[in-house]
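What follows draws every value from the coordinates through simple rules; no lab data is involved. Quick caveat: nothing in here was measured; it's all calculated off a predicted structure. Cβ atoms come from the backbone with ideal geometry, glycine included; neighbour counts cover every protein chain shown.
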Amino acid sequence: MAVLVDLLPKEYGFVAIVLVIYCFLNFYMTFHVGKARKKYKVFYPTLYASESENKDAKLFNCVQRGHQNSLETMPIFFTLMILGGLKHPSICAALGVLYTVARFFYFKGYSSGEPKNRLKLGGLFMPAILGLMLCTLSFGWSLLNQPASH
């Protein structure tokens, strides 16, 4: 009986590594939100600062939104990487690196306090996610076109 790891393409290891690298990016963003909480005096459990109560609300909220948006899209990214990588591990790993780097710049741009800065280099996450969607569609199509097994 084959072990699951033996059934995966060797290059699938790159997919796993990219996912862990993204986890480190998430820790980095979490750390910066924590620093912003102290700097702008926005304490838990408050998710966003109110401009009527905090003169630095926009600055804090930009850091918070940069991280929150990355959290909101993380399940999509992980799912597409895991599934698409089963058929196209090298392509998905490369797209995953592009996505991760773009998300770093998305966060840095958003954290500048000027939300439009998030899309300068950060906008490259969209072509990366579209590529991952195509890889996952290709994987699904391949499964559907397999000969029926009895």
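Here are the numbers for this structure:
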quantity: Linear extension gain, Ser142 paired with Tyr44, 0.36 nm per residue minus alpha-carbon span; calculated: 30.5 nm
quantity: Equivalent ellipsoid semi-axes, the chain, via Cα gyration tensor eigenvalues times 5, rooted, Å; calculated: 38, 15, 13
quantity: CD proxy at 222 nm, helix term only [per DSSP H run n ≥ 4: -39500 (n - 2.57); per residue of the chain; nearest 500]; calculated: -25000 deg cm²/dmol
quantity: Inter-centroid distance (Cα atoms) of the range 1-62 relative to the range 79-97, Å; calculated: 20
quantity: Karplus-derived HN-Hα couplings along the range 123-139 (A = 6.51, B = -1.76, C = 1.60, θ = phi - 60°), whole Hz, x at Gly and Pro; calculated: x, 5, 5, 5, x, 5, 5, 5, x, 5, 5, 5, 4, 6, 4, 4, 4
quantity: Glu51-Val97 pseudo-label distance in nm [points 7 Å out on the Cα-to-Cβ vector]; calculated: 4.1
quantity: Among Phe43, Phe78, Phe139: highest mean-square fluctuation, GNM of the chain, C-alpha pairs under 10 Å; calculated: Phe43
quantity: Label-point gap, in nm, between Ser112 and Ser90 - each point 7 angstrom along Cα→Cβ; calculated: 3.6
quantity: Angle between the chain longest axis and helix 89-111 axis [Cα atoms, degrees, rounded to 10]; calculated: 10
quantity: In the range 1-85, the trypsin sites (Lys or Arg not before Pro) that fall in loop regions by DSSP, at most 16 other Cβ within 10 Å; calculated: Lys10, Lys41, Lys55
quantity: Two-decimal log10 I(q)/I(0) for the range 51-138, as the Debye equation yields it once each C-alpha is a single scatterer, q = 0.10, 0.13, 0.14, 0.18 Å⁻¹; calculated: -0.29, -0.46, -0.51, -0.73
quantity: Lysine pairs in the range 24-150 with Cα atoms under 29 Å, if 8 or more residues apart or on separate chains; calculated: 28
